[in-house]
Amino acid sequence: MRRMAVALSKGGVGKSTTAVSVAAGLAHAGAQVLLIDTDTQGQVAGMLGVHPPAGLAELLAGERRLEEAMIEARERLWLLAGGRGLAGSKRLIDRQDFGGERTLGDALVTLDGRYDYVILDTAPGWAVLSVNVLLYAAEILAPTALEVLSLQSLLEFQKSLAAIQRYNPDLALRYVLPTFLDRRVRKSAEILAQLRTHFGPQLCAPVRYNVRLSEAPGYGQTIFEYAPESAGAQDYHALVERILHGDP
């Protein structure tokens, strides 16, 4: 079972879009996938057009068992939803005297062998739930908008990972995904070249700026359902293929 965090400390880089698209693409390819939303905004459920009665907050609070907290959002794609209730989960974790940083991993321990992929969408920053995610995951997929501030955030994020990796040596920044590529903007090409220099084989083919990607969530559909022939669908399909083949 591959445990992949879609993470970057900066917001607005396409993390939720990437998490949903990758999870849906993997499920469509035949994999059993669990998608976990660890953000208090809880956008993932809406992006998939579902309204779960419970989710991650209820699981962490001990109010629901894992099987009761998740729903099947698509064939082979299960969702453990986020939402405002996770604010209480953060307080619950903070009050623990010992082991709070492993709360998420402890709650998910029974997953081993049940799914091919666990994809975890994260909030911006280094909140306690994001740290929990990075202590549970083994791989990081970091979406990075092709702008200067995002590049700086990625380099800082990479440095900060060293502290997490002391406690989770299996964790690796495996994929760097450039997002919002607009070839009409010269700066985009310059930043893409810098990413290639810094990250080499970890760098994925970029996701082009595509209005269909921003429209699809409004209809509760994935990009593959809403606009399967669009540039956004093509680019995320290429990423899914890369992940399926295990390419670094």
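What longest region of the chain stays clear of GluC sites (Glu not before Pro) that DSSP places outside H, G, I, E and B and that have at most 13 other Cβ atoms within 10 Å? Could you put the intermediate results ahead of the total?
Details: sites that count: GLU63, GLU75, GLU229.
Longest gap between qualifying sites, sites excluded: 76-228.
Could you list, bin by bin from short to long, the percent of Cα-Cα pairs of region 121-248 in 5 Å steps?
Taking every Cα pair in region 121-248, the percentages come to 2, 10, 18, 20, 20, 18, 10, 3, 0.
Remind me, what semi-axes does region 2-244 give for its equivalent ellipsoid, largest first in whole Å, using sqrt of 5 times each Cα gyration tensor eigenvalue?
Values: eigenvalues 150, 95, 47 Å².
Here the semi-axes work out to 27, 22, 15 Å.
Counting Lys +1, Arg +1, Asp -1, Glu -1, what net charge surrounds GLU147 among other residues with beta carbon under 10 Å of its beta carbon? Could you put the intermediate results ahead of the total?
Values: positive: LYS10, LYS187; negative: none.
Local charge sum for GLU147: +2.
If a paramagnetic tag sat 7 Å from the Cα of GLN32 along the Cα-Cβ line, which residues of region 212-246 would have the backbone N under 19 Å from that point?
244
Report, in degrees rounded to the nearest 10, the 0 to 90 angle that the Cα long axis of helix 231-244 makes with the longest principal axis of the chain.
For 231-244 against the chain, the angle is about 60 degrees.
Quick check: pseudo-label points 7 Å beyond the Cα along Cα→Cβ at LYS187 and ARG114, how many nm apart are they?
With each label point 7 Å from Cα toward Cβ, the separation is 4.6 nm.
For region 65-160, which chymotrypsin sites (Phe, Trp or Tyr not before Pro) pass both filters: DSSP loop (anything but H, G, I, E, B) and at most 16 other C-beta atoms within 10 Å? Mind dumping the intermediate values first?
Numbers: sites: TRP78, PHE98, TYR115, TYR117, TRP126, TYR136, PHE157; in loops: PHE98, TYR115, TRP126.
The qualifying sites are PHE98, TRP126.
Comparing ALA145, ALA238, ALA189, which has the greatest mean-square fluctuation in the GNM of the chain with Cα pairs linked when under 10 Å apart?
Answer for the Gaussian network model of the chain: ALA189.
Based only on other Cβ atoms within 10 Å, what is the fewest-to-most ordering of LYS10, LYS90, LYS187?
Values: LYS10 21, LYS90 18, LYS187 11.
The fewest-first ordering by Cβ neighbours comes to LYS187, LYS90, LYS10.
Divide by every residue of the chain the summed helix terms, -39500 (n - 2.57) for each DSSP H run of at least 4, and state the resulting mean residue ellipticity at 222 nm, rounded to the nearest 500 deg cm²/dmol. Can you show the working numbers first?
On the way: 12 runs with 106 residues, N = 248.
Value at 222 nm, helices only, nearest 500: -12000 deg cm²/dmol.
Report the gain in length on full extension from GLU215 to ALA172: 0.36 nm times residue separation, minus Cα-Cα distance, nm rounded to one decimal.
Working: separation 43, 0.36 × 43 = 15.48 nm, distance 3.22 nm.
Length gained between GLU215 and ALA172: 12.3 nm.
At ASP106 and HIS51, where each label point lies 7 Å from the Cα along Cα→Cβ, what is the point-to-point distance in nanometres?
Distance between label points: 3.4 nm.
As I understand it, the value is the acute angle between the Cα axis of helix 15-28 and the longest principal axis of the Cα atoms of the chain; what does it come to in degrees, rounded to 10?
Tilt of helix 15-28: around 80 degrees.
When the chain is fully extended, how far beyond the present Cα-Cα distance does VAL148 get from SER160, taking 0.36 nm per residue of separation? List each step's numbers first, then the result.
On the way: separation 12, 0.36 × 12 = 4.32 nm, distance 1.85 nm.
Between VAL148 and SER160, full extension yields 2.5 nm more.
With Cβ to Cβ distances under 10 Å as the rule, what net charge do the other residues near LYS15 carry (K, R +1; D, E -1)?
On the way: positive: LYS10; negative: ASP39, ASP121.
Computed value for this residue: -1.
How many angstrom lie between the Cα centre of region 45-94 and the Cα centre of region 186-248?
27
Label-point separation (nm) for ARG91 and GLU67, each offset 7 Å from Cα along Cα-to-Cβ?
Here the answer is 3.2 nm between the modelled labels.
Kindly put ARG212, ARG184 in sequence by how many other C-beta atoms sit within 10 Å of each C-beta, fewest to most. Show your work: numbers first, answer last.
Numbers: ARG212 15, ARG184 7.
In increasing order of surrounding Cβ atoms, one gets ARG184, ARG212.
Any read-out appearing in this document is the output of simple, stated calculations on the displayed coordinates, not a laboratory observation. Values in this document were obtained by computation on a predicted structure and should not be read as measured data. Cβ atoms come from the backbone with ideal geometry, glycine included; neighbour counts cover every protein chain shown.
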